[in-house]
Amino acid sequence: MRVLAAVDKFRGTATAGQVARAIADACWTTGHECVEMPLADGGEGTLDVLGGPNRTLRVEGPLGAPVDAPWRLHRGTAVIEMALASGLQLVGGAEHNDPLAASTVGTGQLIDAALNLGAERIIVCVGGSATTDGGLGAVQAVSTPARLKRVEFVVACDVDTLFLDAANVFAPQKGATAAQVKFLSSRLAGTAEHFRKRFDVDVTKVVGGGAAGGLAGGLHAIGAQLVPGFSLVAEECGFYEASVECDVIVTGEGRLDDTSFSGKVVGSVVQFARRHDKRVVVICGDVAPEGKRMASQSGAEVVSLREQFGDDAMNFTERCVREAAERALATA
């Protein structure tokens, strides 16, 4: 039997590559062939899935302190993960963030560096940001934005939030109080007007413009095409071709809930498998009732590591994934 391990990361405990390898080990044990395919949705972890970093640049971090941001430039294609330059984890989480001051300057500096080195295609992966600056910092850090018209410029979005909704939806997760959210919403409106006047682009209407605190919208103002992150990664990795040729798809992530079906890896894989009448097994660290219901309605077999192995399962993620996959594949 041919198994496709098309998985996302288990945040904080295992990378997508490690999870895929654990499933491959289970296939080895049970006598099946396995294709390992770590995936991402355009957010954190996407750079690793798209080949991993091969360069590092010191840039301005979200709160101004310098950070060494890994990125990739290979055969004319640059891959930039904004979380590595302007991410919330760089400031130690929401409790240490300054949601009003946090800026995307560092992400813009990476884009500028890619242009200076002759990149012909630039992919910016958004998600995990500390910022709600509407991408203004990034835009201002790109010297001569007109250069972007000569390259293929793509933003991989992990949400479809609109630009003016970014503060209300995401800023509280970045440490913003109710009063700060109101201020940030007003500031986003002013930033949108600035982009309209400077670039003659209305960023408030584009789907996904609110991703990464409006960074996606800001980059759209200077020419970026916004695309669903999973679709971009799936195309780059050859997911669609590989899934057609397999007998079973095993997917998974750290937690399965209703948001897993809003452009995320697991929901997208499950929906694709249903359309093509493929058996699909979902292995997750924890499973919320709504997530299980939605997956089961799509014909997926759902496995909760916490239910199978107890509350400390996530301390041994790879081992538990391997054992869970062995059990699931033994019933094939």
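Using a Förster distance of 22 angstrom, determine the FRET efficiency expected from the C-beta separation of residue 331 and residue 28, and round it to 0.05.
Details: r = 17 Å, r/R0 = 0.79.
So, using R0 = 22 Å, E works out to roughly 0.80.
Neighbouring Cβ atoms within 10 Å as the yardstick, rank 96, 194, 220 fewest first.
By the 10 Å Cβ count, ascending: 96, 194, 220.
Using the number of other C-beta atoms within 10 angstrom as an exposure proxy, rank 133, 286 with the fewest first.
286, 133
In nanometres, what is the gap between the two model label sites at residue 301 and residue 198, each 7 Å from Cα along Cα-to-Cβ?
Taking the simple label geometry, residue 301 and residue 198 are separated by 5.4 nm.
Summing +1 for each Lys or Arg and -1 for each Asp or Glu, what net charge is found among the other residues whose Cβ lies under 11 Å from the Cβ of residue 153?
+2
Within segment 46-230, how many Lys pairs sit with Cα atoms under 23 Å apart, leaving out pairs fewer than 8 places apart on the same chain?
Counting lysine pairs in segment 46-230 gives 5.
Once you place label points 7 Å from the Cα toward the Cβ at residue 179 and residue 242, how far apart are they in nm?
Reported label-point gap for residue 179 and residue 242 is 5.1 nm.
If you plug each phi of segment 147-159 into the Karplus form 6.51 cos²θ - 1.76 cosθ + 1.60 with θ = phi - 60°, what whole-Hz ³J(HN,Hα) values come out, in order, with x for Gly and Pro?
Here the 3J(HN,Hα) series is 4, 5, 5, 9, 10, 7, 10, 10, 10, 8, 9, 9, 9 Hz.
Direction-averaged shadow area of the convex hull around the Cα atoms of segment 46-230, nm²?
Taking a quarter of the hull surface, the average projection is 8.9 nm².
Expressed in nm to one decimal, what extension gain is obtained for the pair residue 293 and residue 186 from 0.36 nm per residue of sequence separation less their Cα-Cα distance? Write down the numbers at each step before the final one.
Details: separation 107, 0.36 × 107 = 38.52 nm, distance 3.84 nm.
Length gained, residue 293 through residue 186: 34.7 nm.
If exposed trypsin sites (Lys or Arg not before Pro) are those in a DSSP loop with at most 16 other Cβ within 10 Å, what is the longest stretch of the chain that has none?
76-204
Taking other Cβ within 10 Å of each residue's Cβ, how do 86, 129, 268 sort, fewest first?
If I rank by nearby Cβ atoms, fewest first, I get 268, 129, 86.
Can you show me the helix-derived [θ] at 222 nm for the chain, built from DSSP H runs with n ≥ 4 at -39,500 (n - 2.57) apiece and divided by the number of residues, rounded to the nearest 500.
-11500 deg cm²/dmol
No value in this document is a laboratory result; all are computed from the given coordinates. In this text, all values refer to a predicted model and were calculated from it rather than measured experimentally. A quick note on method: Cβ atoms are made from the backbone with ideal geometry, for glycine too, and the neighbour counts reach across all protein chains shown.
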